[in-house]
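*Asks:* Provided herewith is a single structure, encoded as structure tokens, for subsequent inquiry.
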Amino acid sequence: MEAVEVDVPEAEVDRLLEVEPDDVSPPEELSFCRNVFLPLSTACVNSCDYCAFYDSAADAELMTPDEVEERLRQARDTGCTEALYSYGTEPESYPEIARRLEEMGFSDGVDYLHQCCERALDLGVLPHSNPGLLSYDELERLAPVNASMGLMLETTADVQAHEPWESKQPRNRLRHIRDAGRLEIPFTTGVLVGLGEGWRDRAKSFLAIAELHERFGHVQEVIVQNVVSNERSSYPRPSHDVMRRTVAMAREALPREVEVQVPPNLTPQVPALVDAGVGDLGGVSPVTDDYVNPDYPWPEIDRLRETAEEADCGLVERLPVYERYLDESWCSPEVLDVADELLEDLEGR
Ligand code: SF4
């Protein structure tokens, strides 16, 4: 598979190293998206030492089509606009999962995901898929049935945590993000803070994302996500000051239309990050857990309102695809139809 390196000017890195939270203008509103989370499979070809999502071959799960259907109906009944589909990288690498997929009539995880996305659209919910590293052909296949897609860059640094895993190498993740741009897929990516990277690495990661966005215009938001401890990992959570400076760096590195996001269940003191540049809280579910971080429950929607008030800004609910992408060059007619209906619903709330 082709790999991509992005050259970022050292002078730009130096400039970002000087950025402080006070240099950044805060946003006027905070946005979020109401979602249900569908972890289609917990199988993964990797076993990253900071990850609480994957299961061993003996324990890995695969949602059945009935379970997917039930959750999508729950999404519709509770006003959720996004079906967040995720699974570990190449779940079919586990023989038992491959066997069960075949038994259900699917050749691999992407084949199953495609059908699940179609079903979400049928039921009036917008799919956002984040199923690990994909090839250009796989992205092309999934593009028409997704409102947006995502893959965390995590970092452009060569950190020890990623060393054994080909799909976690920055050159491969940048290739995936670039291919999403070529295919005009509205895209979410982000960095993980606290994996062993340094300040220059963080600056380079944001600049690499900015460079790809400048070429293709497809990045709608960049998540600044701190690592958290869990049953497998004891990586220390970065301090609030580190998060404030990283958020400010992201805000300064990225064009204004690309939102900087933090996950409100993982990041403490969110109101104090808004004046450093956070403008979005990502997907928040009133009905399902954050299966990637099961020890960290989502806040109630009312709590998001309080967060926005504390940060002295408004709270707005958005779709999983930003409105500037709602046209035929970025979205299929099926996605546009569902998005139109859901926008009307949001306006009526
Ligand atoms: S972080 Fe992603 S790639 Fe790594 S083990 Fe977890 S699901 Fe797999």
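The values are calculated or read from the model by the stated rules, or taken from the named source; none is laboratory data. Keep in mind the model is a prediction, meaning the values are calculated, not measured. Cβ: placed from backbone, ideal geometry, glycine included. Neighbour counts: every protein chain shown.
*Asks:* Looking at this structure, is LEU113 modelled with pLDDT of 95 or more, within 19 Å of LEU139 (Cα to Cα), of a type outside the set (Phe, Trp, Tyr) and not in a helix (DSSP H, G or I)?
*Replies:* no
Residues checked against (1) surrounded by fewer than 23 Cβ atoms within 10 Å (Cβ to Cβ); (2) aliphatic (A, V, I, L, M); (3) more than 13 Å from the chain's Cα centre (by Cα); (4) more than 16 Å from the ligand (Cβ to nearest atom):
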site: MET152; (1), (2), (3), (4): yes, yes, no, no
site: SER167; (1), (2), (3), (4): yes, no, yes, no
site: ASN172; (1), (2), (3), (4): yes, no, yes, no
site: ALA180; (1), (2), (3), (4): no, yes, yes, yes
site: GLU184; (1), (2), (3), (4): yes, no, yes, yes
site: VAL191; (1), (2), (3), (4): no, yes, no, no
site: GLY196; (1), (2), (3), (4): yes, no, yes, no
site: ARG202; (1), (2), (3), (4): no, no, yes, yes
site: HIS213; (1), (2), (3), (4): yes, no, yes, yes
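*Asks:* Right, something else. Scan the range 180-203 and report the pairs whose first residue is touching a residue at least 12 places away in the same chain (Cβ under 8 Å) and in a loop (DSSP other than H, G, I, E, B) and whose second residue is of a type in the set (S, T, N, Q) and surrounded by fewer than 20 Cβ atoms within 10 Å (Cβ to Cβ), with Cβ atoms within less than 9 Å and a gap of 6+ or a chain change.
*Replies:* GLU184/SER329; LEU195/GLN160; GLY196/GLN160
*Asks:* Being over 25 Å from LEU40 (Cα atoms), free of Cβ contacts under 8 Å to residues at least 60 places away in the same chain and part of a strand (DSSP E or B) narrows it down to one of VAL222, VAL242, VAL260, so name that one.
*Replies:* Criteria check complete, one pass: VAL260.
*Asks:* Additional query: Return the residue satisfying two criteria in turn: it lies in the range 260-315 and is out of contact with any Phe, Trp or Tyr (no Cβ under 7 Å at 6 or more places or on another chain) and polar (S, T, N, Q), and of such residues it is surrounded by the fewest Cβ atoms within 10 Å (Cβ to Cβ).
*Replies:* GLN269
*Asks:* What are the residue pairs meeting all of these: first residue in the range 276-289, first residue of a type in the set (S, T, N, Q), second residue assigned to a loop (DSSP other than H, G, I, E, B), Cβ atoms under 6 Å, and 6 or more apart or on different chains?
*Replies:* Here the result reads SER285/TRP298, each pair linking the range 276-289 to a residue that is assigned to a loop (DSSP other than H, G, I, E, B).
*Asks:* In the range 18-57, how many residues are small (Gly, Ala, Ser), within 16 Å of the ligand (Cβ to nearest atom) and farther than 20 Å from ILE223 by Cβ?
*Replies:* 5
*Asks:* I've got another one for you. Return the residues of the range 75-110 that are more than 16 Å from the ligand (Cβ to nearest atom), outside any strand (DSSP E or B) and in contact (Cβ under 8 Å) with a residue 24 or more places away in the chain; say none if nothing qualifies.
*Replies:* Once the filter is applied, which keeps residues that are more than 16 Å from the ligand (Cβ to nearest atom), outside any strand (DSSP E or B) and in contact (Cβ under 8 Å) with a residue 24 or more places away in the chain, the range 75-110 yields ALA75, ARG76, THR78, GLY79, CYS80, THR81, PRO95, GLU96, ARG100, LEU101, MET104.
*Asks:* Something else now. Quick one: how many residues across the range 63-100 are among the hydrophobic types (A, V, I, L, M, F, W, C), touching a Pro at 6+ places or on another chain (Cβ under 9 Å) and crowded, with 22+ Cβ neighbours inside 10 Å?
*Replies:* Number of matching residues: 4.
*Asks:* In this structure, is PRO333 surrounded by 20 or more Cβ atoms within 10 Å (Cβ to Cβ) and closer than 20 Å to ASP122 by Cβ?
*Replies:* No, not satisfied.
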